[in-house]
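What follows is a set of notes on a single structure, which appears directly below.
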Amino acid sequence: MSLENLPVELILVVVGAIVVTAMAQRRGLEPALVIVVVGIAVSFIPGFEAPELDSHILLSVVLPPLLYSAALNFSFPTFLRNIKPILGLGVGLVVVTAFTVAMVSAWLVVVPLTFATALVLGAIVAPPDAVTAVAVGRKLGLPKRVMTILTGESLINDAAALALFSVAVAQVAGSHTFIENPLLLFTYSAVLGPLVGAALGYITLWIRRRLAHPALETVQGLMVPFAAFILAEEMHASGVLAVVVAGFIVGSGTVDAGYQTRLQERYVWNSVDVLLEAFVFAYIGLHLRFVLEDLRDAHESLVQVAVASVVVLLIVLVIRPLSVFAMFGRRKLANQVEKRLSVPVPERGRGALGTRRRDPDRPRRRFGSDNRTLSWQENVVVSWTGMRGVVTLAAAAAIPATTAAGEPFPERATIQAISFVVAVATLLLQGWTLPLLIRRLKVSAEADRAYTVAETEKAELVVHEAADEVFEVFRANPPQGLDPRTLAEIRGIVERHSQDADEMPDPEGRTRRAEVFGQLYRDVLAAQRAALIGERDAGRIDDEAVRAMLERLDLQEAGVSARLESRL
């Protein structure tokens, strides 16, 4: 394909993927899976040529906005409360999977892979892509903690896999890395990446407070993930972690922005997610035929590669359930032992196993650990969410063509073919059976609803109390220039701000009544938002309930502002 035709071909791929997405959603199917199947079918059309993108473009253009969008909408306190299982799956399981694939692949000698080249393969197929799993879980109503663990895992597993991939490729290619010691290199990348992301996140918030322009703030937000990723990678740090941390900081600081910015960004990032996810899955499907042709050109045995692909696929499918049940089952076993061996806890101090009596009225810590164990049904669901995606595809394409000595990279075509087969197979096999598994095991968020309702009621009480405090101050210190009847009318209208717009003053009227009304309404909203953030920081309300209530306040403010402006 010529370079001149590449933009046109990419546009056609995107348009086709969006059309397939719309058709799949109308029929209740999972769009990602349908897009992959359609892409595979299209790839075998005679004369078809798939668009080719450099692996660095895939990593630096597609991955950062997907990660950033997920981090923006993900509660950082919730992430920290579940940090143990998230790190276990996002880092521990990635390392275990990579080395298991490497050892088995090198030992079986189905294809001529050394341990070093097999480790490159292991690092490529190790990180799951939770896009499909999270989409299915959200549609079918998976429990909140399961969704939290899966989303958190997807935010950090790419960083672990790409760091391991870089080290393995450097060993095989004989190239020099920034730091020769692999452990020190990994530590450097994992520490500096978040620092870069944090710096950019706080700079973004600082700039936003001075822009005060929704359109400019949204445009600036679109630049953040790319800036964080590229800057961190230029400093040989983890671009993935930089993007995630920047997303956390900007997401938690958006309460200082205007409601228009928050609402606008929410819809913009939703659109970006749909666009990029559709393109990625279409890109995966469209390249199947060409992966097979590359193998044929490299004179590799398709039978041997097929056998090796099945072996690696089985390892990937088995190692995750074993690891999940080892991690979560061990905690459940420890809890059972504690229950059997512990003695009643005294009023003060600790029991036999160090258990401290908890005060039910004491507020939970905002960043305290969530030590609840998953049920065996939830463990099964988590263990079957190992679909591979964009990182596997991009890392496979990023294998250099030659080593530092100028020789062809050992078994490059074989590694790429196995990686591609594993990505497509897990996406289709696990992606299509996951909804059936969830329904069969009857895993749902029913148990979370009582907790969600209680937290929502707390948030509603906080906003009502905050508004009442503002109204008390308004009554005690009424503005000058208006009679008591008009002041009472203004207060009543603000309290009933959802009523007809004809009761509200014209903002362009430049009257004293309009000024007082607008100021009181802004004071109420500011007090409500500040009260919610304060309760969240004190650990008395769940962060997700606060986010939901803040969104409600934004929508209410948008509705009132629209009704006021409609009078012009």
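The values are calculated or read from the model by the stated rules, or taken from the named source; none is laboratory data. As the structure is a prediction and not an experimental result, all values here were calculated from the model. With ideal geometry, Cβ positions are generated from the backbone for all residues, glycine too; neighbour counts draw on all protein chains shown.
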Pick out the one residue from A417, A404 that is assigned by TED's automatic domain parsing to the domain that holds V310 and surrounded by fewer than 17 Cβ atoms within 10 Å (Cβ to Cβ).
-> A404
Filter the stretch 128-161 for residues that are of a type in the set (D, E), within 15 Å of R320 (Cβ to Cβ) and modelled with pLDDT under 90 and give the result.
-> D129
Can you confirm whether the stretch 166-175 contains a residue that is farther than 19 Å from V94 by Cβ, of a type in the set (S, T, Y), in contact (Cβ under 8 Å) with a residue 40 or more places away in the chain and assigned by TED's automatic domain parsing to the domain that holds V96?
-> yes
Name the residue, out of L155, L184, that is over 19 Å from I230 (Cβ atoms), part of a helix (DSSP H, G or I) and of a type outside the set (S, T, N, Q).
-> L184
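Within the stretch 216-237, how many residues turn out to be hydrophobic (A, V, I, L, M, F, W, C) and without any contact (Cβ under 8 Å) to a residue 12 or more places away in the chain? Spell out the reasoning first.
Of the residues in the stretch 216-237, the ones hydrophobic (A, V, I, L, M, F, W, C) are 216, 219, 222-224, 226-232, 235, 237.
Imposing the further condition that a residue be without any contact (Cβ under 8 Å) to a residue 12 or more places away in the chain reduces the set to 216, 219, 223.
Residues in the stretch 216-237 being hydrophobic (A, V, I, L, M, F, W, C) and without any contact (Cβ under 8 Å) to a residue 12 or more places away in the chain: 3 in total.
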Would you please name the residue that is surrounded by the most Cβ atoms within 10 Å (Cβ to Cβ), looking only at residues in the stretch 219-249 that are over 21 Å from E153 (Cβ atoms) and among the β-branched types (V, I, T)?
-> V224
What are the residue pairs meeting all of these: first residue in the stretch 378-399, first residue under 18 Å from V312 (Cα atoms) and at pLDDT 90 or above, second residue of a type in the set (F, W, Y) and surrounded by fewer than 24 Cβ atoms within 10 Å (Cβ to Cβ), Cβ atoms under 9 Å, and 6 or more apart or on different chains?
-> S383/F325
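If you take the residues of the stretch 48-90 that are among the polar types (S, T, N, Q) and more than 11 Å from the chain's Cα centre (by Cα), which of them is nearest to P225 (Cα to Cα)?
First pass over the stretch 48-90, keeping only residues among the polar types (S, T, N, Q): 55, 60, 69, 73, 75, 78, 82.
Next, only the ones that are more than 11 Å from the chain's Cα centre (by Cα) stay: 55, 60, 78, 82.
Values: S55: 17, S60: 9, T78: 22, N82: 24 Å.
The residue in question is S60.
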Residues of the stretch 142-152 that turn out to be surrounded by 23 or more Cβ atoms within 10 Å (Cβ to Cβ) and not hydrophobic (A, V, I, L, M, F, W, C), as a count = 2
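Can you tell me how many residues in the stretch 153-211 are surrounded by fewer than 14 Cβ atoms within 10 Å (Cβ to Cβ) and not β-branched (V, I, T)?
Step one: of the stretch 153-211, the residues surrounded by fewer than 14 Cβ atoms within 10 Å (Cβ to Cβ) are 174-176, 178, 180-181, 183-184, 187, 191, 206-207, 209-210.
Add one more test, that the residue is not β-branched (V, I, T), and what stays is 174-176, 178, 180-181, 183-184, 206, 209-210.
Total meeting the criteria: 11.
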Out of all the residues in the stretch 182-215, which are farther than 23 Å from Y267 by Cα, among the hydroxyl-bearing types (S, T, Y) and touching a residue at least 24 places away in the same chain (Cβ under 8 Å)?
-> Y188, S189
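Here is a yes/no grid of residues against (1) of a type outside the set (F, W, Y); (2) surrounded by fewer than 14 Cβ atoms within 10 Å (Cβ to Cβ); (3) within 27 Å of L80 (Cα to Cα); (4) modelled with pLDDT under 80:
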residue	(1), (2), (3), (4)
R496	yes, yes, no, yes
D502	yes, yes, no, yes
R513	yes, no, no, yes
E535	yes, no, yes, no
A538	yes, yes, yes, yes
